[in-house]
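*Asks:* Once you've had a glance at the structure underneath, I'll fire off some questions.
The values are calculated or read from the model by the stated rules, or taken from the named source; none is laboratory data. This is a predicted model, so every value here is computed, not measured. Neighbour counts are summed over all protein chains in view; Cβ atoms, including those assigned to glycine, are modelled from backbone coordinates with ideal geometry. These accessible areas exclude ligands, DNA and RNA; they are computed on the full protein's heavy atoms, side chains included. Shrake-Rupley method; radii C 1.70, N 1.55, O 1.52, S 1.80 Å.
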Amino acid sequence: MTQSADTGTIDEQRWRALVVRERDASFFYGVITTGIFCRPGCPSRLPRREHTVFFTSAEKAETAGYRPCRRCRPDEIEPSNIQRIIDACRRIEQAHQIPSLQELAAQAKLSPAHFQRVFKAACGLSPKAYGQYLQNRRFKKHLKTAPSVTDAIYRAGFGASSRAHASGRDHLGMKPHEYRTGAPRQTIHYGITTCFLGWLLVAATSKGICAIELGDDRQQLEEHLHENFNQAIIKPADGGFSTVLAKVVTYLEHTEHPFPLPLDIRGTAFQQQVWDTLRTIRPGETKSYQDIARMIGRPEAVRAVAGACATNRTALAIPCHRAVRADGAAGAYRWGLSRKLALIRHEQKFLNQEERPTASLADENQAQGV
Ligand SMILES: [Zn+2]
């Protein structure tokens, strides 16, 4: 068989990228003799050309019967890309108008096609779809406070009002001007502090924590609290509340389990059941919405489970960030995908560090060729 460099097929180009272990190449290769598939940058020994097959995605390699390599972890998102995706999520979350794919890809230093693929694998939706989702959410919020619907459309960053009306019907389930909220009458005290995810607000009734919110600035968090509990009497807490705040931050930073404070949360029996199940998922672990549906004995209720996760108002305490999609993508998060990805990574990293001191475990992995 002859291989000519100038008339090389796509597979020949991939082979050449593999020979030089090109890390950024966007394909996977399987080794026929071992049944294992790898990333091009894998530190394992280079297979022979005739034993090598190429795939455009990890999913296709798995479908073809190949198992993911335990060294280069081709079924997981590369650690170097996770930070890029977190940064891209932040950019989308902070932008008034949705940044273009080209713009985001350039900032991530990846090709648009590669960036789009990694983003979708990590988040479960395209950057554009995420931008639109956030825009609709802003629109919904502005409808409550803006003097007119037109004003809300402008403030949400929509280009054309017709699109906002269409999106309003799709996402609110009602016409924009009909959207209103309510909340039960109660007294709520709150405190605000900072953490590695930005600003953190903790609010409590006399019975327990009723809200934990994450945000980019203090004022925004206070506004959210007033909006979400708009019939409650809301007051800043006194100095004694600082121990409560400290407990929440310690819980977050040291990935403690379970959450150390009582909660005062209201929801339907179904929501409560989902939230209770979420609280059994340990830090560093994730469960799919399907898993959770099975755990509560309602395997058919996957969408409703995802919905119950989305209505959680106590970030961290009810760890809805540990609920992900079945394909491993993050799925939705009320406080932003950048935070969900950062939280999952923080918990996994922290737990790995905890385990590292046991040398025997590392040796065992070595022996297994990990
Ligand atoms: Zn490998």
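*Asks:* Just name the residue that is nearest to the ligand (Cβ to nearest atom) out of those in the stretch 85-99 that are assigned to a helix (DSSP H, G or I) and open to solvent by less than 70 Å² (accessible area, probe 1.4 Å).
*Replies:* Within the stretch 85-99, the match that is nearest to the ligand (Cβ to nearest atom) is I85.
*Asks:* Next question, about the same structure. I'd like the residue in the stretch 23-35 that is within 11 Å of the ligand (Cβ to nearest atom) and open to solvent by less than 60 Å² (accessible area, probe 1.4 Å) and, out of all such residues, is nearest to K109 (Cα to Cα).
*Replies:* Result: F28.
Residue-wise test of (1) open to solvent by less than 30 Å² (accessible area, probe 1.4 Å); (2) within 12 Å of the ligand (Cβ to nearest atom).
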residue: F37; (1), (2): yes, yes
residue: L46; (1), (2): no, yes
residue: V53; (1), (2): no, no
residue: T63; (1), (2): no, no
residue: R67; (1), (2): no, yes
residue: E76; (1), (2): no, yes
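*Asks:* Also: If you check G65 against the conditions, is it modelled with pLDDT of 90 or more and on the phi > 0 side of the Ramachandran plot?
*Replies:* Yes, satisfied.
*Asks:* Return a yes/no flag: does the stretch 259-270 have any residue that is more than 23 Å from L221 (Cα to Cα) and of a type in the set (S, T, N, Q).
*Replies:* Yes, the stretch 259-270 has at least one match.
*Asks:* Okay, moving on. Take T268 and tell me if it is open to solvent by less than 30 Å² (accessible area, probe 1.4 Å) and among the hydroxyl-bearing types (S, T, Y).
*Replies:* no
*Asks:* Of a type in the set (G, A, S), out of contact with any Leu (no Cβ under 8 Å at 6 or more places or on another chain) and closer than 23 Å to D327 by Cα: does that describe A95?
*Replies:* No, not satisfied.
*Asks:* Which of the residues belonging to the stretch 112-147 are under 25 Å from N228 (Cβ atoms) and open to solvent by 50 Å² or more (accessible area, probe 1.4 Å)?
*Replies:* Q132, Y133, R137, R138, K140, K141, K144, T145, P147
*Asks:* Same structure again: Identify all residues within the stretch 100-111 that are surrounded by fewer than 16 Cβ atoms within 10 Å (Cβ to Cβ) and either of a type in the set (D, E) or in a helix (DSSP H, G or I) (or both); write none if there are none.
*Replies:* Selection gives Q102, E103, A106, Q107.
*Asks:* Which of the residues that make up the stretch 197-210 are of a type outside the set (S, T, Y) and farther than 28 Å from D87 by Cβ?
*Replies:* A203, A204, K207, G208, I209, C210
*Asks:* Check S80 against each of (1) in a helix (DSSP H, G or I); (2) out of contact with any strand residue (DSSP E or B) (no Cβ under 8 Å at 6 or more places or on another chain); (3) over 22 Å from Q348 (Cβ atoms); (4) among the small types (G, A, S) and name the one condition it does not meet.
*Replies:* For S80, the failing item is (3).
*Asks:* Against the condition among the hydrophobic types (A, V, I, L, M, F, W, C), modelled with pLDDT of 95 or more and not in a loop (DSSP other than H, G, I, E, B), how does I292 come out, does it pass?
*Replies:* yes
*Asks:* Within the stretch 122-144, identify whether any single residue is under 22 Å from F27 (Cβ atoms), hydrophobic (A, V, I, L, M, F, W, C) and in a helix (DSSP H, G or I), and answer yes or no.
*Replies:* yes
*Asks:* If you take just the strands (runs of 3 or more DSSP E) that sit entirely in the stretch 155-261, which of them hold at least 3 residues that are modelled with pLDDT of 85 or more, crowded, with 17+ Cβ neighbours inside 10 Å and not acidic (D, E)?
*Replies:* Once the strands (runs of 3 or more DSSP E) in the stretch 155-261 are filtered for at least 3 residues that are modelled with pLDDT of 85 or more, crowded, with 17+ Cβ neighbours inside 10 Å and not acidic (D, E), what remains is 187-195, 198-204, 209-215.
*Asks:* Taking interchain pairs and intrachain pairs at least six residues apart, which have beta carbon atoms under 6 angstrom, with the first residue in the stretch 35-56 and farther than 16 Å from E12 by Cα and aliphatic (A, V, I, L, M) and the second within 7 Å of the ligand (Cβ to nearest atom) and modelled with pLDDT under 95?
*Replies:* Partner pairs satisfying both residue conditions: I36/C69.
*Asks:* Hey, another quick one. If I ask for residues that are modelled with pLDDT under 80 and among the hydrophobic types (A, V, I, L, M, F, W, C), which ones from the stretch 133-154 would you list?
*Replies:* Those that are modelled with pLDDT under 80 and among the hydrophobic types (A, V, I, L, M, F, W, C): A146, V149, A152, I153.
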